[in-house]
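See structure below.
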Amino acid sequence: MICIIQARLDSKRLYGKVLKKIQNRPILKIISLRLSKLKTIDNIVIATTKRKIDNKISEFCLKNNIKCFRGSLNNVLQRYVDCANFFCENDIIRITGDSPLVDIRILKKMIDIYNSKKYDLVTNVFPRTFPKGLSIEIFKKQTLIKILSSKLNRTHREHIMTYIYANEKNFSINNFKSKNNFSNINFSIDTLDDLNKIKNLIKKSKKSIKNLNYLEAIKINENN
């Protein structure tokens with residue numbers, strides 16, 4: 001099983017956000033460290049583009065001994081297929097590079113569901129009940145190949161699960177839900193305010209960001 005973390009440097013609202021630091025660690029490093037605790041993942045790969053602007057991501061990966069794959073800018077769907085092919089993997093976990101609090105406790109439960117039955121997609125955002133920034137999607141490479149053979153618009157190619165969600169009757173989908181609805185909470189890094197919010201949350205937790213679990217983060221968030 002491969003975990004693909006998609007990332008690019010030129011975010012419109014916060015340039016270079018995936019390499020911004022929390023507790024002196026770049027966000028991509030934090031995500032990698034958190035995911036590395038789950039031994040069922042064979043490969044953790046940061047998938048970025050072939051553009052010169054994203055060389056910094058490739059250089060960061062090389063410096064930190066993190067696997068990197070470079071592919072299409074706009075056809076992210078094809079980037080995922082090419083990455084899975086390169087590492088000879090058939091089962092894919094999708095994480096975005098702005099999610100420093102992605103939690104392996106959620107991921108482990110979702111992997112168990114995925115392995116229990118032949119789902120096309122196991123997700124926790126259809127509908128969302130976990131905070132934004134804890135989004136996880138698990139699917140087969142063959143499902144992506146099937147989508148690529150369909151008539152796709154630009155949105156479907158750039159946001160790889162939108163085609164499945166728009167055509168849900170044609171796919172076997174399991175949505176993993178939180179016991180409580182926390183969808184109004186945002187732990188994703190999209191703006192400078194988001195970054196500062198997570199920094200303050202971690203400071204109040206008095207923990208390393210690589211160890212803070214999502215329930216602890218929610219509790220701190222709700223008490224502020």
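When cysteine pairs in the chain are screened for C-beta atoms closer than 4.7 angstrom, the residues that find no partner are 3, 83, 88. Both radii come from the Cα set of segment 53-167: Rg as radius of gyration, Rh as Kirkwood radius; their ratio Rg/Rh reads 0.96.
Per-residue ellipticity at 222 nm computed for the chain from its helices equals -10500 deg cm²/dmol, with DSSP H segments shorter than 4 residues left out and the rest contributing -39,500 (n - 2.57). Its alpha carbons give segment 1-125 an Rg and a Dmax of 14.2, 42 Å. Loop only by DSSP, 11 or fewer other Cβ within 10 Å of the Cβ. Give me the trypsin sites (Lys or Arg not before Pro) in segment 186-218 that pass, ordered by residue number. Filter output for segment 186-218: 206. Taking the Cα centre of each part, how many Å lie between segment 48-115 and segment 7-28? Each part's Cα centre sits 15 Å from the other's. Expressed as a whole percent, the accessible surface of the chain that belongs to carbon and sulfur atoms is 48, based on a 1.4 Å probe. Here the spin labels are modelled as points 7 Å beyond Cα on the Cα-Cβ line, and at residue 149 and residue 109 they lie 3.6 nm apart. Modelled this way, with points 7 Å down the Cα-to-C-beta line, the labels at residue 199 and residue 181 are 3.4 nm from one another. Taking every C-alpha pair closer than 8 Å and separated by at least 6 residues, the mean separation divided by the residue count of the chain gives a relative contact order of 23 percent. Expressed in units of 2.2 N^0.38 Å, where N is the residue count, the Cα radius of gyration of segment 151-204 is 1.65. Averaging over all projection directions, the Cα-based convex hull of segment 109-224 occupies 8.7 nm² in the image plane.
Please state the shape class of segment 60-121: rounded when a/c is under 1.5, otherwise prolate if a/b exceeds b/c and oblate if not, all from the C-alpha gyration tensor. Oblate is the answer for segment 60-121, as a/c is 1.5 or above yet b/c matches or exceeds a/b. Taking only the C-alpha atoms of the chain, Rg followed by Dmax gives 16.7, 50 Å.
The values are calculated or read from the model by the stated rules, or taken from the named source; none is laboratory data. Worth saying up front: this structure is predicted, and the values here are computed from it rather than measured. Methodologically, a virtual Cβ is constructed for each residue, glycine included, from the backbone with ideal geometry; neighbour enumeration extends over all protein chains shown. All accessible areas refer to the heavy atoms of the entire protein, side chains included, with ligands and DNA or RNA removed. Shrake-Rupley method; radii C 1.70, N 1.55, O 1.52, S 1.80 Å.
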